[in-house]
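**Q** Before we start, here is the structure in question, set down as structure tokens.
The values are calculated or read from the model by the stated rules, or taken from the named source; none is laboratory data. Not measured: the values here are computed from a predicted model. As a convention, Cβ positions derive from the backbone with ideal geometry for all residues, glycine included, and neighbour counts pool all protein chains shown. Note: accessible area is taken over every heavy atom of the protein model, side chains too, but ligands, DNA and RNA are not part of it. Shrake-Rupley method; radii C 1.70, N 1.55, O 1.52, S 1.80 Å.
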Amino acid sequence: MNAEPAYRPVPLVFERLEPIEQRARLGAFRERMQARRTVRHYSTELVPDALIDEAIAVAGAAPSGANLQPWQFVVVRDPEIKRRIRLAAEEEERAFYEQRAPAEWIAALAPLGTDAQKPFLEAAPCLIVVFRVDYGIRIGENGDPHHIKHYYAGESVGIAYGFLLAALHIAGLATLTHTPSPMAFLASILGRPKNEKPFLVIPVGFPAPDAVVPSIAKKPLDEIRLYAV
Ligand code: IYR
């Protein structure tokens, strides 16, 4: 028999802020986050492991379906592994840009200046490959492994990914969300088990001195928010 873990509530720890402090903190955070840019040109300067670890710890604080925390973060610093990832990603990207992508998609990407070349996968000192863990594996009383389904795994790892991007940015690091498609090569290069599906890749580092970014802007608040009446 598999006894369900009991519900054991404990008092909430909640810091009630003064209104002026609420506005100050949020305003400062908004300003910092609005200054974030996706960076595609990296210097090879190394990033301290402690910053990467701390940022991943922030991601691990994200809420998740049934608190099952369906994520695995794989930190890649080895130049040889980065190279293999770059080569495999560029092969997929060539197929995407030259054959698979519909004209409408290519047109949508034009303002970003992206193409099949992914030098940032090698130049950035660190790649964090995020995996969505679709089910856990437990060994039952009879010694056989059985699967623990993870609910809302995609939503959960998406929330954790957002925490991670914000944490790396607040730490003064440059990042990029890379979406090779299909991404199965990441699981095989990194030797991940069948229950883990590659979700996204984040190169992390410092911008190259001559880094440029596309001239694009976010929608104004009035376009993305309305109050229901
Ligand atoms: N995976 C490709 C294409 C790409 C798709 C979207 I949507 C982007 O926002 C950016 C790129 C690539 O990485 O170039």
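**Q** Within the accessible area of the chain, what % is carbon and sulfur when the probe is 1.4 Å and the other protein chains stay in place? The partial results should precede the final answer.
**A** Values: 8620 of 15060 Å².
Answer for the chain: carbon and sulfur cover 57 percent of the accessible area.
**Q** While we're on this one: Given the convex hull over the Cα atoms of region 135-229, what projected area results after averaging over all orientations, in nm²? Don't skip to the answer; put the middle values down first.
**A** Details: hull surface 45.9 nm².
Hull-based average projected area comes out at 11.5 nm².
**Q** Still on this structure, please answer the following. With a bin width of 10 angstrom, please list the P(r) values of region 37-207 as percents of all Cα-Cα pairs, from the 0 bin to the one holding the largest distance.
**A** 10, 35, 35, 16, 3, 1
**Q** Moving on. Would you please give the residues with an amide H less than 5 Å from that of residue 200, counting only those at least 5 places away or on a separate chain, with H modeled from the backbone geometry?
**A** 130
**Q** Right, next: Full extension from residue 103 to residue 211: what is 0.36 nm times the residue separation minus their Cα-Cα distance, to one decimal in nm? Don't jump to the answer; show the numbers that get you there.
**A** On the way: separation 108, 0.36 × 108 = 38.88 nm, distance 2.79 nm.
Roughly 36.1 nm would be gained on extension.
**Q** Turning to a different aspect of this structure: For residue 205, enumerate residues with amide H under 5 Å from its amide H, sequence gap 5+ or separate chain, H modeled in the peptide plane.
**A** When sequence neighbours closer than 5 places are left aside, the close amide H contacts are 174.
**Q** Next question. Pulled fully out, how much extra length does the chain show between residue 184 and residue 94, if you take 0.36 nm times their separation in residues and subtract their Cα-Cα distance? Let's see the in-between values first.
**A** Working: separation 90, 0.36 × 90 = 32.40 nm, distance 1.58 nm.
This chain segment gains 30.8 nm when fully extended.
**Q** Given a cut-off of under 8 Å on Cα pairs at least six residues apart, what relative contact order in percent is computed for the chain? Let's see the in-between values first.
**A** Numbers: 309 pairs, mean separation 73.6, N = 229.
Relative contact order for the chain comes out at 32 percent.
**Q** Per 0.36 nm of contour for each residue apart, how much would the distance between residue 8 and residue 22 grow if the chain were fully extended, relative to their Cα-Cα spacing?
**A** Details: separation 14, 0.36 × 14 = 5.04 nm, distance 3.08 nm.
Stretched fully, the residue 8-residue 22 segment lengthens by 2.0 nm.
**Q** Hey, another quick one. Given only helices, namely DSSP H runs of n ≥ 4 each adding -39500 (n - 2.57), what is the per-residue ellipticity at 222 nm of the chain, to the nearest 500 deg cm²/dmol? The partial results should precede the final answer.
**A** Numbers: 8 runs with 83 residues, N = 229.
That calculation yields -11000 deg cm²/dmol at 222 nm.
**Q** With θ set to phi - 60° and the Karplus curve 6.51 cos²θ - 1.76 cosθ + 1.60, what are the ³J(HN,Hα) couplings of region 181-195 in order, to the nearest whole Hz, using x for Gly and Pro?
**A** 9, x, 10, 4, 4, 5, 5, 6, 4, 8, x, 8, x, 4, 7
**Q** Given H placed 1.01 Å from N in the peptide plane, which residues other than close sequence neighbours of residue 148 have an amide H under 5 Å from its amide H?
**A** For residue 148, whose amide H was placed from the backbone, the distant partners under 5 Å are 136, 137, 138.
**Q** Here's another thing I want to ask about it. Would you kindly find the accessible area of residue 64, with a 1.4 Å probe and non-protein molecules such as ligands, DNA and RNA excluded, rounding to the nearest 10 Å²?
**A** 20 Å²
**Q** Which residues does the label zone of residue 38 cover in region 202-223, counting backbone N under 15 Å from a point 7 Å along Cα→Cβ?
**A** Under cut-off, by backbone N: 202-204, 212-219.
**Q** Tell me, what is the per residue accessible area of region 52-205 in Å², probe radius 1.4 Å? Mind dumping the intermediate values first?
**A** On the way: 7600 Å² over 154 residues.
Per-residue accessible area for region 52-205 comes out at 49 Å².
**Q** Pop the C-beta distance of residue 83 and residue 152 into the FRET formula with R0 = 41 Å and round what comes out to the nearest 0.05.
**A** 0.70
**Q** Near residue 149, which lysines are there with a Cα under 22 Å away, not counting those fewer than 8 places off in the same chain?
**A** Within reach: 194, 197.
**Q** Sticking with this one: Can you pull the one-decimal nm distance between simple spin-label points at residue 135 and residue 112, each 7 Å off the Cα toward Cβ?
**A** 3.3 nm
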